[in-house]
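Notes for the one structure printed next.
Only the coordinates and a few stated rules stand behind these numbers; no lab work does. Predicted model only: the values in this text are computed from it and were never measured. Counting neighbours? That spans all protein chains shown, and the Cβs are built from the backbone with ideal geometry, glycine included.
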Amino acid sequence: MTFPNVNHKKKNEGVNEGVNLKIEGVNENITIELQCVINYLRNNPTSKTNEISEYIGKSVSTTERYLRILKEQNIIVFERTPKTGGYILKKED
C-alpha cells in the first residue's frame with residue numbers, strides 16, 4: 001500500500017525503518033510523531049483519538065491536530081460513525 005506524499009522504502013529494507021514522510025510546512029519532530037500515528041494505525045485500524053493519544057504520549061488536542069494533518073494529506077480517514085468508528089489508513093485508489 002502506498003500513499004501520496006510518502007516516500008516508501010523498498011520491500012527489502014528493514015521493517016523498522018518505516019516510511020519517510022515529507023509534508024511541506026511540517027517540522028521534523030512533528031513528522032516523526034505523524035509516522036508514529038501511521039504505524040499505530042497500520043497495526044490498530046479503527047482506533048479512536050484517545051487511544052492514539054495514549055499510545056504516542058501526547059494530549060488529545062495535539063493528537064487531533066496530527067490527525068487533521070494526516071486527513072488533509074489523504075493518508076487517513078475516519079470510518080463509520082463517531083460512536084463506533086475510528087481512524088484507518090486510506091487505501092490507495
(request) Give the residues of the range 62-82 whose amide nitrogen is closer than 16 Å to a point set 7 Å from the Cα of residue 46 in the direction of its Cβ. (result) 77-82
(request) Name the long-range amide H neighbours of residue 76: under 5 Å, sequence gap of 5 or more, or other chain; modelled H, no Pro or chain starts. (result) 71, 90
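Using Cβ contacts closer than 10 Å as the measure, can you line up 40, 87 from fewest to most? It would help to have the intermediate numbers written out before the result.
Working: 40 16, 87 24.
The most exposed by this proxy come first: 40, 87.
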(request) Would you pull out the residues with amide H under 5 Å of residue 86's amide H, same chain only if 5 or more places away, H placed 1.01 Å from N? (result) 79
